[in-house]
Amino acid sequence: MITKIMQNAINEQINAELWSAYLYLSMSMDAESKAFKGLANWFFVQWLEEQDHARILQNYMNACGAKVILHPIDKVENEWDNPLDMFKETLRHEKEVTEMINELVRLAINAGDFATLSRLQWFVDEQIEEEENARDLVDDYSRAGKDFGTLIELDSRLAKREYAKAAPLK
Ligand code: FEO
């Protein structure tokens, strides 16, 4: 059984993951409206992955006999000036998520909650990848600048991203 404090913290994290999903869906829709098809696809996949993150935590709570409490999802922005701004915001947001995961880990360590610690390890590893992906794309779009050919190439690359269900859900 996990403590009430840990249950509340995981419920907050589920809300944060669903907010992340909503943010990336909004980016996808903005990209779609501007005919950046690849960019729209990349963020659509990100939207699906964030829902997986929430689902993993929901499954963990259910397995522990703890009730998932869903909170309202806060408003998200719906307009970005360009793809670079989207990825800069993605990187900034993912760094915040990493800090939230680290805080959960600290809580689990202090409570001697080894089961939660074990579940959180996947998220610790995932955040390394989340930040790396966003950082790489910030670099790519920064280098591309306003070069139309490079921007088209980048968009084609993003169009190839495919959704794969997160390992803990397989
Ligand atoms: Fe759920 Fe993008 O971290």
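Between a first residue in the range 68-91 that is more than 22 Å from residue 14 (Cα to Cα) and a second residue that is assigned to a loop (DSSP other than H, G, I, E, B) and not polar (S, T, N, Q), which pairs have beta carbons less than 7 Å apart while being 6 or more apart in sequence or on different chains? Short answer, once both residue conditions are applied: 83/36; 86/80. Looking at the structure I just gave you, is residue 32 within 15 Å of the ligand (Cβ to nearest atom) and not aromatic (Phe, Trp, Tyr)? So residue 32 does not fit the description; no.
When restricted to residues that are of a type in the set (A, V, I, L, M, F, W, C) and surrounded by fewer than 21 Cβ atoms within 10 Å (Cβ to Cβ), the range 28-39 contains 2.
Counting just the residues of the range 15-33 that are charged (D, E, K, R) and touching a residue at least 12 places away in the same chain (Cβ under 8 Å), which one comes out farthest from residue 104 (Cα to Cα)? Don't jump to the end; show me each part of the working.
The first filter runs over the range 15-33 and keeps only residues charged (D, E, K, R), leaving 17, 30, 32.
Remaining after also requiring touching a residue at least 12 places away in the same chain (Cβ under 8 Å): 17, 30.
Details: 17: 14, 30: 32 Å.
Ranking the qualifying residues of the range 15-33, first place goes to 30.
In this structure, is residue 106 open to solvent by 100 Å² or more (accessible area, probe 1.4 Å) and in a helix (DSSP H, G or I)? In short, yes.
Only one of the numbered conditions (1) more than 11 Å from the chain's Cα centre (by Cα); (2) within 14 Å of residue 17 (Cα to Cα); (3) among the polar types (S, T, N, Q) is violated by residue 116, and that is (2). Tell me, which residue of the range 58-90 that is under 12 Å from residue 20 (Cβ atoms) and of a type outside the set (Val, Ile, Thr) is most open to solvent (accessible area, probe 1.4 Å)? Here the residue is 74. Name the residue that is farthest from residue 138 (Cα to Cα), counting only residues in the range 35-47 that are of a type outside the set (D, E, K, R) and away from the ligand (no atom under 16 Å from the Cβ). Out of the qualifying residues, it is 35. Note on the range 35-67: residues that are closer than 18 Å to residue 161 by Cβ and basic (Lys, Arg) amount to 1. Of everything in the range 126-160 that is among the basic types (Lys, Arg) and under 19 Å from residue 88 (Cβ atoms), the residue that is surrounded by the fewest Cβ atoms within 10 Å (Cβ to Cβ) is 146. Suppose the filter is modelled with pLDDT of 95 or more and more than 17 Å from the chain's Cα centre (by Cα); does residue 81 pass it? So residue 81 fits the description; yes.
The values are calculated or read from the model by the stated rules, or taken from the named source; none is laboratory data. No experiment lies behind these values; they were computed from the predicted model shown. As a convention, Cβ positions derive from the backbone with ideal geometry for all residues, glycine included, and neighbour counts pool all protein chains shown. Only protein heavy atoms, including side chains, enter the accessible area calculation; ligands, DNA and RNA are left aside. Shrake-Rupley method; radii C 1.70, N 1.55, O 1.52, S 1.80 Å.
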